[in-house]
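Below is one structure; the comments refer to it alone.
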């Protein structure tokens, strides 16, 4: 007979207020196999754990159940408790009587009855727990960083500085990301390029970092410590080795296309570098707009290239490389304003998004840093900044706060007023959020030093009025309707997840939240890890962030990756599938449903009625198996079982929970 | 049919006497007119006892699971049997190189119950097929009737009368003119929930759990069946409606996407439970939801439950 | 001898069913089986049942114990049948099967459940008018239209049923339903006897039916444990339970527990020697490792071991296995060649 | 026995198999957010919806469940990349089959609930409980013992 202990946690009042702890403890004591049941205020505390440990020894428990919070919270804690008391850590089961019971039910009688049922199921499962042992799996000492913005660059540098090889994959022709588009940065107003460019150069020249620009990750297989990624290096049509970046080709190129980097405010050539400080400083041919590729005419760039670097025949290159860890730093997009017609965006050239305004402010931008109205190249006198365009907007935009807009708008006000001290800035806002070091001070400067008029309320409509723009709004503090004659209107457009984030999530086997931002393993305690082991998150791909936050998360992700990469071997989760060869028929349906190619066939020999026979059976590679259990269902006789969740265990749980 | 009978004997004799195979599995005749049963012959001298008649309905290929040949085993496959053979092959239960397959085009076999229902069985000594007709032999003489009137309903809806696989075909291909096989399923689908429940409970209440439906099925080839495993015991042995339902749901579910629709389960059921309709419900749904799939015939397609598409229909909540 | 006209049958069933649970051969989806009669049920007195009536005395599954654990002491509650019943329409071959089951269950140690059901039940046998194609009860010295072991014997004479009580229980039942019975005329009573003779002769004579001479069969079988015949026969066996579950004399059972938390019940249920698990031991060892040993066991048990112990064959020639074995590996196929 | 002898108005028993990564976490989030749903729902944690065998579902019905819910990650978001795609096929066929046998299809439900959908978790459980309450007890698949 098993000797099971049950430990019921009050979780202070969290459980005890809704669940009758004494009744639950008494009921648990009568369950089959239970020899001891006790309770304590905080089971996860030092004292709580030592109570468990002493009960294990005193009552000779050979396994136990903790009825407490979610196993996702403290299962690992109590497994350690078991190990410390000399029990195999897999002889522990958790009954979740907090998140799944006390917190969601109000009636104490019902919650108590349900808690007892949940414990009964956990006891039934625990009775069938077996000792499990982790196996060791080797680690590939190389990291893959996806996304070459400031987050990706920082993560790559940190990992490389720790001595590990890093491959940095960037989809566009240059690393740098959104930060490269910015003029100044808040709250210090240092020049974005001045602080970013050295980092880009450092990444490019770091002996441990390999840059794959104009490249995409197509496929990721494997598992923590042993990922295998397929990377497509798109054909640049320019030889990276030969090109000197002299620029003759793009000077001569006759095709003009809107520049993505300049937010379509300027034109670039079909052969181009996105911006002057691009890394690598090697152009690419945008084959969709190149005359050679669309009409098989031209070829000027090839003719004029002094280095002979232009190569129209270059093909995509597909690489397969192994990695121990992956950092995802794919950044963000800006919300599409199609649904916000009232602002006349797209209809009037003087209505801009903040990012477009940023480009206009930038000395290397389309206007060379001269801030003029796009419509007539005249200096603006009145500029209206509208906050929360698409942010905090459940109906048309995103319900969340984009977090950086309040600060960059203050920055925009200051930069604008620096250029035109006589002009007036108006800012329509819902709330001003300045939580951050020196943020409030920065905002106050915009108001006090630069005299920006902050108007709490919404700007309902922007429409052209002669050669001006008329902004209609409400000042909700005074209740007055406002009409402001503006020369330019700047929309603080919401940040959103990359439109293809769900596809990348699928590729990596990680999850996204409601808004397609990648989900962290725990919002507080594991903010830089994805749910899938070995994959880490940095920057705005996980949610709106400013530069310092992105950089610190990137360093955090890098630190986590370094912890992983610096191990020779990992201990694998022993909750993997196993095959009972005597039951296995060898139909191999399990192979078909395994997402990790963790099952293979093998031939065994056995004696049946004196005859030696060979037959095929399935075999599980414990290093590859991730414990999903899909194979167990595909196996009709139940020859494949998932350790920790065996058919017998789940069946016992069902029987017990239905009582 | 007589000609086919001769060719079967010749094929059996030839393959055994040449040493190509060590055993031939065919059919022999019992003392009563409707008794034709599987025969296992190792001596070439005994091959003359093999027959082919309108009652050679037994599927022979599942016997391959019990035999461990050093060389090869020869056996005869009708259209439905060939599908079953392919399913066994796909499940890794037979080795293709260990069998010699003789194909038998078959346009249908006779259901003794239909003969009995017409009263023709009284004093009946033998039934033979001559072209499209059956000849009934009695002490006093003989009578004739159109053969198709006596065929098993599963034969009337057969879509693969000619074997899709074999090493040698022993006859001319027969025309395929199947009746709609989902007629009964559709009829049931159109009935109300309670009518369906009553219908199936009535049928299932007769089940004696003899497991004949499972044992005869070419898609049920597990070394040990989930229903027989004692630890954990999924299927209890009590005569409980819940247990019986569990058995029938699980049996049909385990062959979903694998059932070759040979109809043997229903034919063999001593209590007349229309088991094939359960399998056909799955086939019909699979065809509708995931595209046409004929287990045992569509060898280039993945079994529907072992694959997916990202835009598969959702489970309606 | 009494008689009852067929028009009165519906009333008759109702009256009988009021006295006790009335099992009758009822037809459903074309299948005839014994089941408790309810108004509107379709009674079929022409065909014998598919599942033999042994399941009335020896149900396929039968709970006999309830238990409760958890408390210091195990709590047990025995269950036994309480309900009186009338089993009407049992053919003489099946009546004879009860004599065989009695040997197993009523000799020491007596099986209480079976014994109690035998006491509670009144057995009304219906003589066969016309033996079926697969009948061979005469091989075992049985009469198709007469069952000495029945409490009441009934013959179907077309317009009416003849009714004759043959035991005390039979007399009691007759008394209870006397209002519906008429006295049979002497020539009517005599017709029963002629029916007995013609059916017996008919079975022996009919073209495709067979009669096996079972005389000396035991002696012949005694040396046949290792003959090659078994090797030949067993191959085609599918290992299903049709023959055993449809056999009126097969009586093997398994004992199983069903539990729900701390409560549970123990029941016995039919088992079949055709199943591999029948002899599978906990260690994994199986003394009858292949279908060959299982097939041999079944037939030798019926025709050699049982008669050696009890002095009669464990087969009554009902022909169910002949009709329903999907591969025609029935007892007749064994008896003939083995001799 | 116990399940059959419950007194008072009908309270359905609902067993929910929840995948660890999405739906169970969604359940946790419902708890963290103090959303309420009926106590009739009892959750069994499994790694993935593809790990839920029809055996468990039928067993739950046999043992007295009035409704069974399987909840997994949204298609495409499976922690194990493809588990719920297989589950979707398995369960759609099973659900249609149970209906074919005369079971009320509402008794067996499949829902995709992500880790971020605590509110949805609570809503699904509340709705399911109400639906099953309206249907009344499961008598068709239940063990009568």
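The values are calculated or read from the model by the stated rules, or taken from the named source; none is laboratory data. This structure is a prediction, so every number in the text was calculated from the model and none was measured. Reconstructed Cβ throughout: ideal geometry from the backbone, glycine too, with neighbour counts over all protein chains shown.
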(message) Condition check: assigned to a loop (DSSP other than H, G, I, E, B) and either assigned by TED's automatic domain parsing to the domain that holds residue C:93 or under 24 Å from residue C:97 (Cβ atoms) (or both). Does residue C:316 satisfy that?
(response) yes
(message) Looking only at the stretch B:192-204, how many residues end up being surrounded by 15 or more Cβ atoms within 10 Å (Cβ to Cβ) and more than 8 Å from chain D (Cβ to nearest Cβ)?
(response) 2
(request) Kindly list the number of the only condition in (1) facing chain B (nearest Cβ under 10 Å); (2) at pLDDT 95 or above; (3) buried (at least 22 other Cβ atoms within 10 Å of the Cβ); (4) under 24 Å from residue A:632 (Cβ atoms) that fails for residue D:65. (result) (1)
(message) Condition check: under 17 Å from residue B:271 (Cα atoms) and either in contact (Cβ under 8 Å) with a residue 12 or more places away in the chain or more than 7 Å from chain D (Cβ to nearest Cβ) (or both). Does residue B:185 satisfy that?
(response) no
(request) Could you tell me whether the stretch C:60-76 includes any residue that is assigned to a helix (DSSP H, G or I), outside the structural domain of residue C:323 (by TED's automatic domain parsing) and either more than 24 Å from residue C:42 (Cα to Cα) or within 17 Å of the chain's Cα centre (by Cα) (or both)? (result) no
(request) From (1) more than 9 Å from chain B (Cβ to nearest Cβ); (2) surrounded by fewer than 24 Cβ atoms within 10 Å (Cβ to Cβ), pick out the condition that doesn't hold for residue D:25. (result) (2)
(message) I'd like to know if the stretch D:32-48 contains one or more residues that are under 21 Å from residue A:652 (Cβ atoms), crowded, with 23+ Cβ neighbours inside 10 Å and more than 8 Å from chain A (Cβ to nearest Cβ).
(response) yes
(message) Under 9 Å between Cβ atoms, which residue pairs at least 6 apart in sequence (or on different chains) link something in the stretch A:332-358 that is at positive phi with a partner that is surrounded by fewer than 17 Cβ atoms within 10 Å (Cβ to Cβ) and outside any loop (DSSP other than H, G, I, E, B)?
(response) A:344/A:461; A:344/A:463; A:344/A:464
(request) Would you point out which residue out of C:273, C:269, C:240 is within 9 Å of chain B (Cβ to nearest Cβ), part of a loop (DSSP other than H, G, I, E, B) and either modelled with pLDDT of 90 or more or within 27 Å of the chain's Cα centre (by Cα) (or both)? (result) C:240
(message) Regarding the stretch A:483-503, can at least one residue be identified that is away from chain D (no Cβ under 14 Å), over 29 Å from residue A:538 (Cβ atoms), in a loop (DSSP other than H, G, I, E, B) and modelled with pLDDT of 90 or more?
(response) yes
(request) May I ask you to list the residues in the stretch D:51-81 that are in a helix (DSSP H, G or I) and within 23 Å of residue D:28 (Cα to Cα)? (result) D:51, D:56, D:57, D:60
(message) Looking at (1) farther than 30 Å from residue B:25 by Cα; (2) touching a helix residue (DSSP H, G or I) at 6+ places or on another chain (Cβ under 7 Å); (3) in a helix (DSSP H, G or I), which one does residue C:214 not meet, given that it meets all the others?
(response) (3)
(request) Consider residue C:167 carefully, then state whether it is within 22 Å of residue C:129 (Cβ to Cβ) and either out of contact with any helix residue (DSSP H, G or I) (no Cβ under 6 Å at 6 or more places or on another chain) or assigned by TED's automatic domain parsing to the domain that holds residue C:96 (or both). (result) no
(message) Can you name every one of the helices (runs of 4 or more DSSP H) wholly within the stretch B:235-317 that holds 1 or more residues which are facing chain D (nearest Cβ under 10 Å) and within 30 Å of residue A:595 (Cα to Cα)?
(response) B:241-254, B:275-290
(request) Just give me the residues in the stretch A:504-527 being away from chain D (no Cβ under 12 Å) and closer than 23 Å to residue A:340 by Cα, in sequence order. (result) none
(request) Give the number of residues within the stretch A:610-621 that are buried (at least 19 other Cβ atoms within 10 Å of the Cβ) and within 32 Å of the chain's Cα centre (by Cα). (result) 1
(message) For the stretch A:413-438, which positions are surrounded by fewer than 16 Cβ atoms within 10 Å (Cβ to Cβ), in contact with a helix residue (DSSP H, G or I) (Cβ under 9 Å, 6 or more places away or on another chain) and in a helix (DSSP H, G or I)?
(response) A:419
(message) So, in the stretch B:188-226, how many residues would count as being touching a residue at least 24 places away in the same chain (Cβ under 8 Å) and in a loop (DSSP other than H, G, I, E, B)?
(response) 11
(request) Out of the residues in the stretch D:82-121 that are more than 11 Å from chain B (Cβ to nearest Cβ) and assigned to a loop (DSSP other than H, G, I, E, B), state the one that is surrounded by the fewest Cβ atoms within 10 Å (Cβ to Cβ). (result) D:116
